[in-house]
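First up is the structure itself, then whatever we jot down about it.
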Amino acid sequence: MKLKEKILKRIEDGKLTFKNTKSLCDKLGVKYCNRGDVKKALDELEDEGAIIRDAQGGYATPEQLGAFRGTVQGNERGFAFIIPEDGEAHDGDYFVPRRALNGALHRDVVLAVHRQGTEDEAYVVKIIERGMKRVVGTFERDRRAGYVLPDEKRFDSDVYVPLSLCMNAEPGDKVVAEITSYPKNAMVGGKIVEILGQSGDFYTEELAIIRSYGLTEEFSDEVERQAEEVARRPISPKGRTDLRDLLTVTIDGEDTRDIDDAVSLEMKGGRYILGVHIADVSHYVKLNGRIDREAYARGTSVYFPDRVLPMLPKALSNGACSLNEGEDRYAMSCFMTFDREGRKTDYEICRSIIRSDRRMTYTQVTAILDGESEANKKYADVAPMLKNMQKLCLKLEARRRAAGSINLDVKEAHIYVNERGEIVIPDYERSISHRMIEQFMVSANESVADFAFKRKAPFLYRVHEQPSPEKASAFFSFLRDLGVTPTGNVHDLKPYDFQKILTAVEEKPFSPVVNRVMLRSMQKARYCEENLGHFGLASDCYCHFTSPIRRYPDLFVHRVLKKLIDGDDADAKRTFAPIAREAGIDTSECERRADMAERDVDDLYKVVYMQDKIGEEFDAVISGVTNFAVFAELPNTIEGIMRLETLPQDNYAFIEDKFLLKGIRHSFKIGDSIRIKVAGCDYGNMRVEFVPVTD
């Protein structure tokens with residue numbers, strides 16, 4: 001038996017477990033001059049992950065140490081947390097002091113061990129995978145070398161760059177550095193691969209955020225060439241249901257360029273025949289082709305106020321796949337029949353060819369439905385259909401409310417740059433036209449998911465699980481302090497329990513905050529190969545089918561649907577069952593990355609927008625309370641911080657479970673109205689600073 005195998009066997013059977021190198025050699029009877037062989041064997045076993053060392057330097061298998069996998073979440077003060085992978089028994093994250101990180105950095109995947117005698121402290125025993133391949137930051141240099149100071153403060157190391165690998169960067173430039181080495185007890189090494197511009201410049205800072213999430217605008221020449229080639233192919237109705245004579249419209253925002261969905265509605269004997277027609281992207285993007293691989297890597301289109309990073313090249317996203325007015329387009333159509341009460345009685349899914357009659361905007365449709373005469377006159381050809389759509393929408397909303405659907409009205413900023421290059425952030429508005437399209441898309445998504453589920457096909461469902469009992473309990477405590485009495489069992493909540501809460505606070509001034517705190521108490525929706533239902537929609541079976549131009553899961557769903565429509569269930573299982581689970585994990589991660597990038601860029605725009613509002617006063621609502629600050633939100637969704645030292649002088653105590661900062665003379669509670677003054681804009685933390693206006 002080889003020495004390495006012998007050592008591993010004896011560690012596994014417990015004879016050499018938790019022995020350090022010296023003790024292990026003594027037990028093996030290895031002479032001092034031969035201990036280098038033992039050390040080499042131990043190093044190889046450690047590199048392979050077969051054994052790891054404990055805090056005292058003893059060797060054991062990961063199982064013997066109770067090691068778990070997790071991801072490091074750094075902190076700019078040097079310590080970190082480890083977030084265990086799904087399925088780990090520990091409820092919450094582990095704290096890791098700087099000395100126990102053993103070279104691990106922010107976003108690294110590691111093996112860690114719970115430190116005995118502590119409740120939630122751990123130490124890293126092995127780095128499995130480095131999480132940050134590139135770092136965005138500000139370049140500085142001295143006579144000998146260059147350095148990149150990361151924008152991501154949780155990445156606790158500057159990046160050393162030899163002068164020969166600096167790409168002529170100048171001090172103060174914002175750059176992207178590719179990490180090339182992780183030397184022990186030294187700063188990370190790297191090379192500069194892109195110079196973004198001068199640090200502090202607005203558009204440079206925006207691009208820096210985009211790059212920090214690994215997002216890019218451009219496609220390779222080969223992907224662009226292939227997209228242009230398939231986009232030029234002629235369109236034919238052969239093998240498709242020809243719907244070009246069916247009155248059909250698209251309804252989107254004014255600045256939308258990639259139009260995924262169109263809708264139609266016919267009335268037959270008091271029944272509503274709703275058609276939801278979705279761009280047939282899978283006709284152009286073949287599974288495992290070069291365009292498909294690029295789309296999978298991106299996972300989703302990412303939307304910023306001044307640009308879009310599309311999932312697909314423009315030849316497809318804005319061209320051949322986009323359901324542009326007056327142009328023949330391939331689609332996947334879902335026809336749903338609803339009775340007079342809005343009850344769905346039947347559905348049918350088919351390949352189709354359509355021609356959109358009108359490219360409508362939410363603003364135009366809302367004007368028609370509000371009875372504006374000019375709008376009704378201009379769009380007389382589609383106004384009657386839109387009014388019937390409104391009737392159906394109201395019936396669907398009523399039925400969803402009765403089923404317990406949670407209609408969260410969480411404000412989302414709509415930030416855009418106008419034709420004069422000015423940042424515009426209007427007050428939040430959600431009109432009847434938005435609600436109408438939302439109801440129709442949800443109905444189509446449910447129908448498609450039901451179709452696949454009944455056929456037992458491999459699939460990607462959009463799942464949203466119950467809130468955890470811990471978060472539900474904290475939310476219920478918050479509600480009681482507001483004078484709202486929640487009902488329901490925190491260990492087995494139903495959507496209807498949350499819906500009743502929203503109804504109870506609908507007319508209250510703190511309603512927006514309740515919506516937000518409720519959202520924080522809920523699980524995050526994700527993509528999954530199992531049908532786990534959708535708690536928020538009170539839906540037993542749900543998927544994403546309606547946006548294949550900008551979401552990869554929808555493209556996956558379309559491909560499965562085509563197999564099922566053709567009756568080729570066996571091929572669907574053979575092709576998609578092996579990849580469904582991984583696709584769900586990967587696309588959920590892409591969605592999370594895009595959400596964070598969009599939020600960070602929005603924060604940058606909000607800070608810039610508020611710069612010329614310094615000194616102005618606004619009415620706001622307290623949206624968050626901590627032991628060091630109070631946060632307040634304006635009607636246009638901009639949130640600002642009021643630090644403890646800016647509050648009226650008092651002896652404050654932070655009562656966490658009541659979301660309350662309480663003093664002897666003053667108190668600040670989430671949901672309270674407050675008058676604020678804009679005090680400043682913190683570009684470093686992308687945060688607006690407020691101060692309370694006091695008598």
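So which of 301, 333 ends up being of a type in the set (Ser, Thr, Tyr), closer than 23 Å to residue 449 by Cα and surrounded by fewer than 22 Cβ atoms within 10 Å (Cβ to Cβ)? Exactly one of 301, 333 is of a type in the set (Ser, Thr, Tyr), closer than 23 Å to residue 449 by Cα and surrounded by fewer than 22 Cβ atoms within 10 Å (Cβ to Cβ), namely 301. Of all residue pairs spaced 6 or more apart or on separate chains, those with beta-carbon atoms under 7 Å, a first member in the stretch 461-483 that is free of Cβ contacts under 8 Å to residues at least 40 places away in the same chain and a second member that is surrounded by 21 or more Cβ atoms within 10 Å (Cβ to Cβ) are 479/501. With respect to residue 492, is the statement that it is touching a residue at least 12 places away in the same chain (Cβ under 8 Å), in a loop (DSSP other than H, G, I, E, B) and either of a type in the set (Asp, Glu) or in contact with a Phe, Trp or Tyr (Cβ under 8 Å, 6 or more places away or on another chain) (or both) true? Judged against the criteria, residue 492 is a match.
For the stretch 105-144, enumerate the residues that are aliphatic (A, V, I, L, M) and within 19 Å of residue 94 (Cα to Cα). Listed by number, the residues that qualify are 105, 109, 110, 111, 112, 113, 122, 124, 125, 127, 128. All of 481, 569, 554 fail the test of being under 29 Å from residue 404 (Cβ atoms), modelled with pLDDT of 90 or more and either surrounded by fewer than 21 Cβ atoms within 10 Å (Cβ to Cβ) or within 21 Å of the chain's Cα centre (by Cα) (or both), apart from 554. Does the stretch 76-87 contain any residue that is in contact with a Leu (Cβ under 9 Å, 6 or more places away or on another chain), touching a residue at least 24 places away in the same chain (Cβ under 8 Å) and within 28 Å of residue 187 (Cβ to Cβ)? Yes. Consider residue 169 carefully, then state whether it is in contact with a strand residue (DSSP E or B) (Cβ under 8 Å, 6 or more places away or on another chain), on the phi < 0 side of the Ramachandran plot, in the same structural domain as residue 70 (by TED's automatic domain parsing) and of a type in the set (A, V, I, L, M). Answer is no for this residue. A Cβ distance below 8 Å, combined with a sequence gap of six or more or placement on separate chains, defines the contacts here; from the stretch 211-230, residues that are farther than 30 Å from residue 151 by Cα and free of Cβ contacts under 8 Å to residues at least 60 places away in the same chain reach no residue that is polar (S, T, N, Q) and in a helix (DSSP H, G or I). Taking the condition over 25 Å from the mean Cα position of the chain (by Cα), of a type in the set (Val, Ile, Thr) and within 19 Å of residue 565 (Cα to Cα), does residue 263 pass? No, not satisfied. Is it true that some residue in the stretch 657-667 is in contact with a Pro (Cβ under 9 Å, 6 or more places away or on another chain) and either part of a strand (DSSP E or B) or at positive phi (or both)? No: the stretch 657-667 contains no residue that is in contact with a Pro (Cβ under 9 Å, 6 or more places away or on another chain) and either part of a strand (DSSP E or B) or at positive phi (or both).
Between 281, 308, which is in the same structural domain as residue 391 (by TED's automatic domain parsing), modelled with pLDDT under 95 and touching a helix residue (DSSP H, G or I) at 6+ places or on another chain (Cβ under 9 Å)?
308
Filtering the stretch 424-455 to residues that are in contact with a helix residue (DSSP H, G or I) (Cβ under 8 Å, 6 or more places away or on another chain) and assigned to a loop (DSSP other than H, G, I, E, B) leaves 425, 431, 455. Of all residues in the stretch 630-676, those that are under 30 Å from residue 416 (Cα atoms), crowded, with 17+ Cβ neighbours inside 10 Å and of a type outside the set (Val, Ile, Thr) total 10. Criterion applied to 608, 621 was being of a type in the set (A, V, I, L, M) and either assigned to a strand (DSSP E or B) or over 27 Å from residue 210 (Cα atoms) (or both), and the one residue passing it is 621. Considering the stretch 520-531, the residues that are buried (at least 18 other Cβ atoms within 10 Å of the Cβ) and in a loop (DSSP other than H, G, I, E, B) include one that is nearest to the chain's Cα centre (by Cα), namely 525. Is it fair to say residue 508 is in a loop (DSSP other than H, G, I, E, B), farther than 30 Å from residue 316 by Cβ and of a type in the set (D, E, K, R)? Yes; evaluated as a whole, the condition is true for this residue.
Which count do you get for residues in the stretch 501-516 that are surrounded by 17 or more Cβ atoms within 10 Å (Cβ to Cβ) and more than 18 Å from the chain's Cα centre (by Cα)?
Residues flagged as surrounded by 17 or more Cβ atoms within 10 Å (Cβ to Cβ) and more than 18 Å from the chain's Cα centre (by Cα) within the stretch 501-516 amount to 9.
Checked against the criterion of being acidic (Asp, Glu), within 23 Å of residue 352 (Cβ to Cβ) and in contact with a Ser or Thr (Cβ under 6 Å, 6 or more places away or on another chain), the candidates 292, 261 yield just one match: 261.
Per-residue answers, yes or no, for (1) crowded, with 17+ Cβ neighbours inside 10 Å; (2) over 27 Å from residue 132 (Cα atoms); (3) over 45 Å from the mean Cα position of the chain (by Cα):
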{"position": "3", "(1), (2), (3)": "no, yes, yes"}
{"position": "18", "(1), (2), (3)": "yes, yes, no"}
{"position": "38", "(1), (2), (3)": "yes, yes, yes"}
{"position": "46", "(1), (2), (3)": "no, no, no"}
{"position": "67", "(1), (2), (3)": "yes, no, no"}
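Within the set 643, 592, 574, the sole residue that is out of contact with any Lys or Arg (no Cβ under 9 Å at 6 or more places or on another chain) and assigned by TED's automatic domain parsing to the domain that holds residue 286 turns out to be 574.
Residue-by-condition table, conditions (1) within 19 Å of residue 260 (Cβ to Cβ); (2) crowded, with 16+ Cβ neighbours inside 10 Å:
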residue: 425; (1), (2): no, yes
residue: 430; (1), (2): no, no
residue: 434; (1), (2): yes, no
residue: 440; (1), (2): yes, yes
residue: 443; (1), (2): yes, yes
residue: 446; (1), (2): yes, yes
residue: 459; (1), (2): no, yes
residue: 463; (1), (2): no, yes
residue: 467; (1), (2): no, yes
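Just checking, does the stretch 362-379 include any residue being modelled with pLDDT of 95 or more, part of a strand (DSSP E or B) and closer than 24 Å to residue 414 by Cβ? No: the stretch 362-379 contains no residue that is modelled with pLDDT of 95 or more, part of a strand (DSSP E or B) and closer than 24 Å to residue 414 by Cβ. For residue 627, the conditions (1) in contact (Cβ under 8 Å) with a residue 24 or more places away in the chain; (2) buried (at least 18 other Cβ atoms within 10 Å of the Cβ); (3) in contact with a Phe, Trp or Tyr (Cβ under 9 Å, 6 or more places away or on another chain) all hold with the exception of (2). Considering only residues in the stretch 597-624 that are out of contact with any strand residue (DSSP E or B) (no Cβ under 7 Å at 6 or more places or on another chain) and not hydrophobic (A, V, I, L, M, F, W, C), the one that is surrounded by the most Cβ atoms within 10 Å (Cβ to Cβ) turns out to be 602. Out of everything in the stretch 36-61 that is assigned to a helix (DSSP H, G or I) and in contact with a Lys or Arg (Cβ under 8 Å, 6 or more places away or on another chain), what residue ends up being farthest from residue 112 (Cα to Cα)? Of everything passing the filter in the stretch 36-61, 41 is farthest from residue 112 (Cα to Cα). Just to be sure before I move on: is residue 403 out of contact with any Gly (no Cβ under 7 Å at 6 or more places or on another chain), loosely packed, with under 15 Cβ neighbours inside 10 Å, at pLDDT below 95 and not assigned by TED's automatic domain parsing to the domain that holds residue 514 in the structure I sent? So residue 403 passes the test.
The values are calculated or read from the model by the stated rules, or taken from the named source; none is laboratory data. The model shown is predicted, which means the values in this text are computed figures rather than measured ones. Neighbour counts run over all protein chains shown; Cβ positions are idealised from the backbone, glycine included.
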